[in-house]
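Presented below is the structure to which this report refers.
The values are calculated or read from the model by the stated rules, or taken from the named source; none is laboratory data. Quick caveat: nothing in here was measured; it's all calculated off a predicted structure. Cβ placement follows ideal geometry from the backbone for every residue including glycine, while neighbour counts extend to all protein chains displayed.
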Amino acid sequence: MPKIRTTRTKKPPEGFEDIEGILDDYAKKMRDAENESHEGKRKTESLWPIMRIAHTRSRYIYELYYKREAISKELYDWLLKEGYADANLIAKWKKPGYEKLCCLRCIQTRDMNYQGSTCICRVPKAQLRAGTIVECVHCGKF
């Protein structure tokens, strides 16, 4: 979650006004997902919408800086410092083989049922049995 801006905080760099509306929309979606009822959901299922919104917001900032080159380095660093994007997740996206990583928990082997294994969402779809629908326990990705 981004830090709260007050009169004493450092002003955002130039170019923030262009993306501020979209980031505010993500903040509204995040608030709605946090306030959503948890009744009838499994243990971790209530966190899935929150993780998806955080992922898409981080992906948006990543693509602005690395793919489209639409924002400056100063603005990118400020966004990471203020918590608009997950710096660790973006660092993984820059490495080959991790371009479509959904969350950092999916690559941590200690959280898996079988030690040394990987999350089901990291297995290529071609290697899964036909007709099986398996969802990730951590993020809900199919």
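If only residues of the stretch 83-112 that are in the same structural domain as H138 (by TED's automatic domain parsing) and of a type in the set (V, I, T) are counted, the one that is surrounded by the most Cβ atoms within 10 Å (Cβ to Cβ) is I107.
Counting only residues that are small (G, A, S) and closer than 13 Å to Y84 by Cα, the stretch 22-42 holds 1 of them. Residue count for the stretch 115-141 under the criterion of being on the phi > 0 side of the Ramachandran plot and within 18 Å of the chain's Cα centre (by Cα): the result is 1. All conditions but one from (1) surrounded by fewer than 19 Cβ atoms within 10 Å (Cβ to Cβ); (2) under 28 Å from I22 (Cβ atoms) apply to T118; the one that does not is (2).
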